[in-house]
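Worksheet: the structure to be examined is printed underneath.
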Amino acid sequence: MKQGMVFFRRIAWRARHAVDDFGWTGIAAVLLFASCAAFGYFVIRPVQAHIHTLQSDAASLRKQTRATLATEHKTLNPADQLAAFYRFFPKQDTALDWMAKLYNAAAQQNLNLEQGEYKLARDHDGKLIRYDIVLPVKGGYVQIRKFIAQAMADVPSLSLDGIAFVRQKVEETAVDAQIRFTLYLGAE
């Protein structure tokens, strides 16, 4: 018991003399250094190990994906690849369903699609049908952008061909936009 008391007295004596020798700024610097070392050891090192693990996982996934794609491309000849490409497009008889999704995306953003232009066209070899769609829209810029993003997400074979914004007066919040889409469908 006496040895424990002697030990603590020595530590207290050294601490008092350390304050006298280094001053409070020196003690603060030593404590700051010790805190940084502890932070590096207990926080930064585990995070770096986790990052390294994630990087190695990502590299192995990339390697696996490349191998899978290479075997798929080797097994499919160009004619099969072209046939797979055309299978991506929904059939022509589903056009009304896709248009309903387009109108639904506009309704979600409180936009009215009143009078649009729709033009049907076939590609040269007749395997795709193209609906050229021109929609005049009036609303807020953010609403129109969200509508376009939602429409593109909901209708995978839809492409945005162009958009034109017109604002009559600078102080108006609503803009007139003319949006040009193309809906690609597979021919029957």
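If we scan the range 140-151, do we find a residue that is in contact (Cβ under 8 Å) with a residue 40 or more places away in the chain, part of a helix (DSSP H, G or I) and among the hydrophobic types (A, V, I, L, M, F, W, C)? Yes, the range 140-151 has at least one match.
Of the helices (runs of 4 or more DSSP H) lying entirely inside the range 35-132, those containing at least 2 residues that are in contact with a Leu (Cβ under 8 Å, 6 or more places away or on another chain), in the same structural domain as SER159 (by TED's automatic domain parsing) and aromatic (Phe, Trp, Tyr) are 95-108.
Annotation note: of PHE89, PHE181, the sole residue that is surrounded by 11 or more Cβ atoms within 10 Å (Cβ to Cβ) and at pLDDT 90 or above is PHE181.
The values are calculated or read from the model by the stated rules, or taken from the named source; none is laboratory data. On a predicted model such as this, the values are computed, not experimentally measured, just so you know. Virtual Cβ from ideal backbone geometry, glycine too; neighbours counted across all protein chains shown.
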